Structure formats: structure tokens, C-alpha cells
Amino acid sequence: NRHKEINEMKRAEKKASNKLVGIMIALAAVVVIVAGFIFFNPFGGGKSSSTAKKTTSTSSTKQATKYEPSQEEKDYLKNRFAQLTAVNPETIGYVYAPGTELDEPVVQTTDNETYLNKTFDGGNEPLMGTVFMDTDNKKDFSDRLTWLFGHARGSKVADHRMFNDVNFYDKQDYFDQHPYVVIETPDRKYYYEAMCLVIVPEDTAFYRTSFTDDKDFTTQLKKVYEDGQTKNPNIKIKASDKYLVLSTCREEDETIRANLYLRQIPDSEMKDFVAKHADQLKYVATRDQQ
């Protein structure tokens with residue numbers, strides 16, 4: 001009899017268990033149906049539907065503002081850099097300031113000393129060297145602050161160009177008359193507008209390529225702008241913008257540097273900017289080797 005009772009108890013437990021499982025399956029089915037209705041509800045209002053629309057809209061906006069070089073620009077850059085890299089494979093760009101003699105290829109290597117004396121074609125001449133990007137910067141100019149270094153040869157050598165004209169930006173008239181700098185890369189052109197010129201000690205703490213956060217970044221830029229000897233009054237410093245610095249020495253004092261800060265024109269402004277300033281952005285060669 002005890003055996004029979006145990007079996008009956010097991011059958012009862014199994015029956016109750018099966019009933020519970022059935023109830024759970026039914027509940028799960030209801031949850032799935034309700035969730036499906038919310039997600040696929042064509043009449044709107046669902047969070048997933050709203051999020052999808054927002055994502056699509058954001059993606060479309062970004063795609064619409066992305067700068068796409070013309071075929072003419074692509075062909076020009078392909079030919080330009082084929083010639084430059086044939087002379088120096090460490091070439092990453094070309095910089096010029098329309099209306100000045102600033103007209104130089106840009107290189108980058110594993111340190112910030114080699115190109116102080118190493119010329120673009122591989123020679124070694126003090127005070128000649130080559131314009132070079134800080135070794136810690138990304139070569140595609142995508143950092144929020146990119147540094148280019150070059151000599152201001154002044155009266156010390158016959159060829160006084162390179163970054164010599166950067167020093168002329170210490171006069172507001174010159175600054176205002178030469179507001180733009182163009183960077184060419186193998187993939188596209190970047191355009192910059194002068195923000196300010198600041199004169200600092202050679203060991204200034206401003207020589208940085210990375211920042212802890214947006215506030216750290218904008219605080220430094222605002223300080224630089226405040227200290228600027230000349231400046232563009234229309235510049236508004238924003239964490240979302242990218243900036244370029246052309247850094248060079250001063251002939252009157254070897255312990256100080258002139259740093260010309262420039263704001264990169266973002267892709268969202270490129271079309272209007274190029275249309276408006278096309279005549280002011282044209283390249284006119286001042287180097288014999290071109």
C-alpha cells in the first residue's frame with residue numbers, strides 16, 4: 001500500500017507539474033505576442049520604431065555632410081603625391097598659404113628631430129630641413145589638434161621661405177589679408193581659417209597632441225586665443241572642431257616660438273566655404289622643384 005501511495009503522489013506531482021508548465025508556456029506566448037505588436041506596430045509610437053527613425057535620420061545627416069572630393073581633385077592629388085612620394089616616401093601632405101611664400105611638402109617620421117636638418121630630398125643641411133608633423137599626430141590630419149613644425153630661416157640662409165611667413169602674422173593687417181591655409185593629403189584637401197598667432201617660450205606647455213576631455217581641450221584653446229598677439233574676432237572655439245598649428249622660431253630670439261593656430265573648416269561648411277572663397281584658395285607654386 002505504501003508503494004501505491006508513493007506512485008499516486010508521483011502521478012499527482014507530475015500532473016501538477018505538467019499543468020504549471022502549460023500555464024508558463026501560455027504566459028510566454030502572450031508576452032511574445034504583445035512584444036511583437038509593440039515592435040511592429042505600424043501606427044507608430046513604439047520606442048523601437050522611433051529609435052530606428054532617429055538613427056536613420058542621424059545617419060543620413062552625417063552622410064549628407066561628408067566631404068567628397070571631385071574627380072578633378074582626386075586626379076590632381078594622385079599626380080601630386082606620386083611625384084612627392086617618389087622623392088620622399090615619408091610625405092604625408094602639402095601645405096600652402098595663398099598669397100604668401102609658404103609652400104611646402106609635409107613629412108612625418110618616428111621622432112621630432114630628424115627633419116630639423118634633413119631636407120626633403122634626403123640631404124642634411126642645418127636650418128634647411130623639412131616641414132614635419134608631430135610624431136604623435138595622425139597623418140591624415142584627423143586629430144583635434146595637429147602640429148606642423150618648420151624653420152623660419154629669415155636672413156640666415158638664401159632660401160628664407162618655409163615657415164618664415166608665419167612670423168608675419170604677428171601684424172593684424174597681414175593676418176587679415178592672408179586668412180586661409182590649405183592642406184593637401186593623398187585623399188583630399190582640408191581648408192583652414194586663421195584663428196590667432198601666439199608667441200610663447202620654446203618650452204611652453206601648449207605643445208600637446210592629446211587631452212583628457214572636451215573641457216581640457218577648449219580651456220587650452222581659449223587661453224591661447226586670449227594670449228594671441230593677433231586674432232580672428234569671428235572665431236568661436238568649439239570642442240567639436242579640429243585645429244592646426246604652424247609652429248616656427250623667431251629670428252630675434254631663439255628661445256621663443258610663433259604658433260599660428262587655425263580652425264579646420266568642417267565638412268558641413270565645405271560646400272559653401274569653397275564656393276565663396278574659391279579665388280582665395282588657389283595654389284600658386286613658389287618652389288622651383290614643383
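The values are calculated or read from the model by the stated rules, or taken from the named source; none is laboratory data. Quick caveat, the model's predicted, so the values are computed rather than measured. All Cβ positions, glycine included, derive from the backbone under ideal geometry; neighbour counts span all protein chains shown. Side chains included, ligands, DNA and RNA excluded: accessible areas come from the protein's heavy atoms. Shrake-Rupley method; radii C 1.70, N 1.55, O 1.52, S 1.80 Å.
In the range 97-121, the residues that are among the aromatic types (Phe, Trp, Tyr) reach residues that are surrounded by fewer than 19 Cβ atoms within 10 Å (Cβ to Cβ) with C-beta atoms within less than 6 angstrom, at least six apart or across chains, in these pairs: Phe120/Asn88. Look at the range 208-226: where a residue is small (Gly, Ala, Ser) and a partner is in a loop (DSSP other than H, G, I, E, B), sitting 6+ places away or on another chain with Cβ atoms under 8 Å, you get Ser210/Asp136. If we scan the range 220-231, do we find a residue that is assigned to a loop (DSSP other than H, G, I, E, B) and either at pLDDT 95 or above or open to solvent by less than 70 Å² (accessible area, probe 1.4 Å) (or both)? The answer is yes; a qualifying residue exists. Taken together, Glu269, Glu254 contain a single residue that is more than 24 Å from Glu73 (Cα to Cα) and open to solvent by 60 Å² or more (accessible area, probe 1.4 Å), which is Glu254. Name the one entry in Asp143, Asp176 that is over 22 Å from Ser210 (Cα atoms) and modelled with pLDDT of 95 or more. Going through Asp143, Asp176 in turn, the sole match is Asp176. Only one of the listed residues (Ala52, Ala97, Ala35, Ala86) is modelled with pLDDT of 95 or more, among the aliphatic types (A, V, I, L, M) and open to solvent by less than 60 Å² (accessible area, probe 1.4 Å). That residue is Ala97. Filtering Lys74, Lys78 for residues that are open to solvent by 60 Å² or more (accessible area, probe 1.4 Å), assigned to a helix (DSSP H, G or I) and either in contact (Cβ under 8 Å) with a residue 40 or more places away in the chain or in contact with a Leu (Cβ under 6 Å, 6 or more places away or on another chain) (or both) leaves a single hit, Lys78.
Among the residues of the range 120-133, those that are open to solvent by less than 20 Å² (accessible area, probe 1.4 Å), at pLDDT 95 or above and either out of contact with any Pro (no Cβ under 9 Å at 6 or more places or on another chain) or acidic (Asp, Glu) (or both) comprise Phe132, Met133. Looking only at residues in the range 174-219 that are assigned to a helix (DSSP H, G or I) and touching a Phe, Trp or Tyr at 6+ places or on another chain (Cβ under 6 Å), the one that is most open to solvent (accessible area, probe 1.4 Å) is Tyr174. Of all residues in the range 157-173, exactly one satisfies the criterion of being open to solvent by 20 Å² or more (accessible area, probe 1.4 Å) and aromatic (Phe, Trp, Tyr), namely Phe168.
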